[in-house]
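The structure appears below as structure tokens.
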Amino acid sequence: MADNVPITAGAGTSIATDEVGGAHYQRVKVVHGADGVANDASAATPLPVSSASDTVLGTTADAAVDSDAVGTISGKLRGLVKILAARLPTALTGGGGVKVGIVDALPAGTNEIGKLAAGTAEIGKLGAGTAEIGKLAAGSAVIGTAKIATSAAGGWTPTHLIATASANLTLVKNAAGQVGGWYISNHAATWRYVKLFNKASAPDPSADSALCLINIAVPPGGAANVEFAQGIVFGTGIGYAITGAQADNDETNVTAGDVVLNLLYA
């Protein structure tokens, strides 16, 4: 049968229209199909969509980019992403800038959105062989149970003396240093005094009283023990005297064995 059949309206014939501004616009029912076939558009037989007529941004270049099937929602989204990526400036799509890409199926055994393809370092993860930020190396204790490793270096250096029958004028260090603590016992029946001097040579209390930074009084039969987390700075040097009287400039000799001195310094 030939197309375009003429129709002459007869008595009682009605044609569906929509009146707009005094004029009637004919309503039509949409059908689709190959030549000689008329399928009513419905949920069961929707209008077909082809990539040739469904280029998202409407240019020939876009049609060339959109190589994905667009008959499905996922296909349309993939095509849109491809076209957008092609149209964005290079600064955004390459050269270390923000990347626009397509979410493909994740590698087998993974389900995290945003994980990159197998063999590629994860975003934020350092290169192969480098410990992750904040993560301890393999075999290390987890944070919270880690312990401080022992070391033969660092720490305080001890010096030890059992007092002789003198003022025990002694140079410990002839350069700037720190005193980290002391352990002193007095075995005499009267007070004994350990005086620490900021001097790069053996102290002379009678002449160096102004350089006496610390005067430690040790009671008879008692002790004076202390250790500091941070040392006391001696900017010139470290020396000491052990005497029998309190004044900084005193040089009274003690009896041998009166005092046992252990001094920590660096």
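What follows draws every value from the coordinates through simple rules; no lab data is involved. All figures in this text were calculated on a predicted structure; none of them were measured in a lab. With ideal geometry, Cβ positions are generated from the backbone for all residues, glycine too; neighbour counts draw on all protein chains shown.
Using the Cα coordinates of segment 151-266, the gyration tensor eigenvalues translate into equivalent-ellipsoid semi-axes of 22, 17, 11 Å, sorted from longest to shortest. With a Förster radius of 22 Å applied to the beta-carbon distance between Asn249 and Trp156, the computed FRET efficiency rounds to 0.15.
Charge tally for Asn249 (other residues, Cβ to Cβ under 10 Å; Lys, Arg +1; Asp, Glu -1): -4. A straight chain from Ala11 to Val30 at 0.36 nm per residue would run longer than the Cα-Cα distance by 4.2 nm. Using R0 = 30 Å, the C-beta based FRET efficiency linking Thr164 and Ala200 works out to 0.85.
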